[in-house]
1. Could you give me the residue pairs with C-beta distances under 7 Å whose first residue belongs to the range 92-109 and is without any contact (Cβ under 8 Å) to a residue 12 or more places away in the chain, whose second residue is surrounded by 12 or more Cβ atoms within 10 Å (Cβ to Cβ) wherever it lies, and which are 6+ apart or on separate chains?
2. Can you name every residue in the range 70-81 that is under 12 Å from the mean Cα position of the chain (by Cα) and within 14 Å of residue 215 (Cβ to Cβ)?
3. Scan the range 99-138 residue by residue and report those that are under 24 Å from residue 77 (Cβ atoms), assigned to a strand (DSSP E or B) and in contact with a Phe, Trp or Tyr (Cβ under 9 Å, 6 or more places away or on another chain).
4. Considering only residues that are over 15 Å from residue 218 (Cα atoms), surrounded by fewer than 16 Cβ atoms within 10 Å (Cβ to Cβ) and not polar (S, T, N, Q), which ones fall in the range 161-175?
5. Quick one: count up the residues across the range 67-98 that are of a type in the set (Lys, Arg), under 20 Å from residue 129 (Cα atoms) and assigned to a loop (DSSP other than H, G, I, E, B).
6. All but one of (1) open to solvent by less than 50 Å² (accessible area, probe 1.4 Å); (2) more than 28 Å from residue 199 (Cβ to Cβ) hold for residue 97, so report the exception by its number.
7. Could you grab me the full set of residues in the range 51-68 that are of a type in the set (Gly, Ala, Ser) and free of Cβ contacts under 8 Å to residues at least 24 places away in the same chain?
8. Look at residue 178 and say whether it is buried (at least 16 other Cβ atoms within 10 Å of the Cβ) and touching a residue at least 24 places away in the same chain (Cβ under 8 Å).
Amino acid sequence: MADAKMNLCKSISGQVGPNLFSKKPNGGVTVKSMPAWNGSLKEDVMKQDACFGALGRLASPLKRVLRVSCPPDNKGVKCNAKFLKINKSDVVTATRRYPERDFNPKAKPEEMFETVVDFSRLLVSKGRLLKGKVRVTLVRESRKLQFFQTANVVDGADCYADDKGYAVVFDKTNEHCLLVTLRSRNENSSTSAGLDEEYDLDNLAIYTFMTTRSGKQTSTSQYLTPGEE
């Protein structure tokens, strides 16, 4: 009977009940007891997965922006992965879709949780470069955004006169996204951007950030609230 039990153990791999079975190179088997994982912990993990899933889906309409705002680093981290890395899951709020129902650990996160992104806290870039000085106004009649840039070359700060400014206009209703190229850091200037009829003027998220001329370094993005004319 003992030999039969040993042969049975050697044929098992993976988790069985509270135990994790792993095969050793010499043909033996190690058994490790796994900690108990209760339902509430599973729900918390799925909730966090739902938050990161919402950020992952947002990376798709932002992809053209992220190529500029989140350049790949020297460790090989690519644009979308970098976007997820710079945004914590608490940028997104997740609530149970049907709180009156029992939690289903086999459901997909998006099936169990509804998510809302706080766009005022979202980052489209993050870096040590000095932030730019930019404000924006919205002219509804002509459907134009006007970006006003103030020169801010600061001696001793992490910045260069030829740093390039950018603005991001994201339509939260339709998920349209526009990348606007602004002027250099050492210029006092204005740049206008027209918005097509498909853009929802009442539901825009607007950001600005700076990059070095080479595009390898960035500033941390700033969320802009437009004035109106």
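The values are calculated or read from the model by the stated rules, or taken from the named source; none is laboratory data. The structure displayed is predicted, hence computed values, not measured ones. Every residue, glycine among them, receives a Cβ derived from its backbone with ideal geometry; neighbour counts consider all protein chains shown. Quick note on the areas: whole protein, heavy atoms, side chains included, nothing else; ligands and nucleic acids left out. Shrake-Rupley method; radii C 1.70, N 1.55, O 1.52, S 1.80 Å.
1. From the range 92-109, the pairs are 104/112.
2. The answer is 70, 79.
3. Passing the criteria: only 129.
4. 172, 175
5. Result for the range 67-98: 2.
6. If we test residue 97 against (1) open to solvent by less than 50 Å² (accessible area, probe 1.4 Å); (2) more than 28 Å from residue 199 (Cβ to Cβ), just (1) comes out false.
7. So in the range 51-68, the residues of a type in the set (Gly, Ala, Ser) come out as 53-54, 56, 59-60.
Residue satisfying the conditions is 60 alone.
8. Values: buried (at least 16 other Cβ atoms within 10 Å of the Cβ): yes; touching a residue at least 24 places away in the same chain (Cβ under 8 Å): no.
No; evaluated as a whole, the condition is false for this residue.
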